[in-house]
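Input: a single structure, listed below in structure tokens.
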Amino acid sequence: PGPVLGAMRDVQDHDRLRDETKALKKKLVLLQDQMQEMRDEMKSAKREMADEWNGVAVRRFNTARTRFEELSVTYGKIENQKSRKKAMYKLQASASKALAYQSPSVLDSIFQIFAQQADPAMEPVAALANPQGGPMETDLSSAVNQVDLELPIAKFTVQDVAAWVRGNVDLAKLPDQQEKVAGLMEKHEINGRNLVHLAKVDLLRMGLSGPIARLLLVQLQGLKPHLSLEPDNQIVFQLLPSARCALLQTEHQISNFLMSELLLQEKTAVYLQKLFRKYDREATKEVNLADLQQAAAFAGINFLTHPKSLQKVKDRYDWDDSGCFDLVCFSRIIADCWEGKLN
């Protein structure tokens, strides 16, 4: 009775995983359709703004872009869930139903045959999921190997955290900053549990500020689900543009980003870059409030000298209460002032 009941449980699990995988696949198709709608909406709004300023089109574009980013985050999470479900579904299909009826000695022999037939480059879970041997689907191979080998964030040692930083593909685009971050993680003995709880003030105390700190804060939100913690979507929404801009290397790339993100003309984006560099006197990639006032005055904006206007700027744009503004935030403030949004 025991083996029979075990086989029945395995069949039920197999069917459940198959149905869950199909349901997630349907969700992904729906999300793809919604994301395409948002892309089309953004393209339509951009066409309307091509010749002249159009406030309605700007609002349409911003609304569509915000929705697209939300859908992209959801799509990534569901895609990850589907890959894992599919891996476990394949594993159950190959290793559970028939084996539940076998004696321990027979099981041992069968698993040895599995190991011989499967691709020797695969890890144990992958080998079980592909007992027939031969090439395995890329996404399935990746998912089962991740299930088998991924070290939980909660168990990261200080050395593991430093290795995570050094292996981070985004930070690799900023090699000098990448090594600095890794060194500071080691110096301050940041382990996995500490890592996901780092806040802006913690990074400042460690000596990290500016765009690199914003990039790191956004990435840390993506690690929180590994500890069953809710990511702070407000941080992602507010800091993601700065994080993206931090990864750009050339002035041309940055100009194009500002044009797309803030809906600026090319000459305006180029001018704002030059203006920012002029008042970023210490090359920290940030300007403080006093520098912002001087830059605004240089650009013909004089009302930022008024205390109420300054308070508006701090309330609306200084999201992390640092008193400093990077290029994206600086450009947004100047552009909004030119459009009269802070008068």
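The values are calculated or read from the model by the stated rules, or taken from the named source; none is laboratory data. Note that the coordinates shown come from a computational prediction; the quantities given were computed from them, not determined experimentally. With ideal geometry, Cβ positions are generated from the backbone for all residues, glycine too; neighbour counts draw on all protein chains shown. Please note that ligands, DNA and RNA were not included when accessible areas were found on the heavy atoms of the full protein model with its side chains. Shrake-Rupley method; radii C 1.70, N 1.55, O 1.52, S 1.80 Å.
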**Study point:** Cut-off 15 Å between beta-carbons: net charge of the residues surrounding Asp40, Lys and Arg +1, Asp and Glu -1
**Key:** +3
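Pick out, in residue order, every one of the GluC sites (Glu not before Pro) in region 234-283 that is DSSP loop and has at most 11 other C-beta atoms within 10 Å; say none if there are none.
Glu282
Keeping every protein chain present and rolling a 1.4 Å probe, give me the accessible area per residue for region 191-297 in Å².
49 Å²
Using the Cβ atoms and a cut-off under 12 Å, what net charge is assigned to the surroundings of Gly207, where Lys and Arg are +1 and Asp and Glu are -1? Could you put the intermediate results ahead of the total?
Details: positive: Lys180, Lys187, Arg205; negative: Asp202.
That sum, taken over residues with Cβ under 12 Å, equals +2.
For the pairs Lys25/Lys173; Lys77/Lys173; Lys82/Lys187; Lys180/Lys224; Lys224/Lys308; Lys224/Lys312, note any where the Cα-Cα span goes beyond 27 Å.
Working: Lys25/Lys173 33 Å; Lys77/Lys173 24 Å; Lys82/Lys187 38 Å; Lys180/Lys224 23 Å; Lys224/Lys308 38 Å; Lys224/Lys312 32 Å.
The answer is Lys25/Lys173; Lys82/Lys187; Lys224/Lys308; Lys224/Lys312.
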Practice item. Would you mind classifying region 220-292 by shape? Square roots of the alpha carbon gyration tensor eigenvalues, ordered a ≥ b ≥ c; an a/c under 1.5 is rounded, otherwise it is prolate if a/b is larger than b/c and oblate if not. Key: prolate
Exercise for review: Between the alpha-carbon centers of region 157-219 and region 277-343, tell me the distance in whole angstrom.
Suggested key: 27 Å
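Among residues other than Ser309 whose Cβ falls under 12 Å from its Cβ, what is the net charge (Lys/Arg +1, Asp/Glu -1)? Present the calculation step by step, with values, prior to reporting the outcome.
Details: positive: Lys308, Lys312, Lys314, Arg316, Lys341; negative: Asp315, Asp336.
Taking every Cβ under 12 Å from that of Ser309, the sum is +3.
Among 35-41, 161-167, how do they line up by average Cβ neighbours within 10 Å per residue, starting with the highest?
Details: 35-41: 14.9, 161-167: 17.9.
The densest-packed peptide leads the list: 161-167, 35-41.
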Practice item. Would you mind telling me the share, in percent, of accessible area of region 200-343 contributed by carbon and sulfur at probe 1.4 angstrom? Key: 51 percent
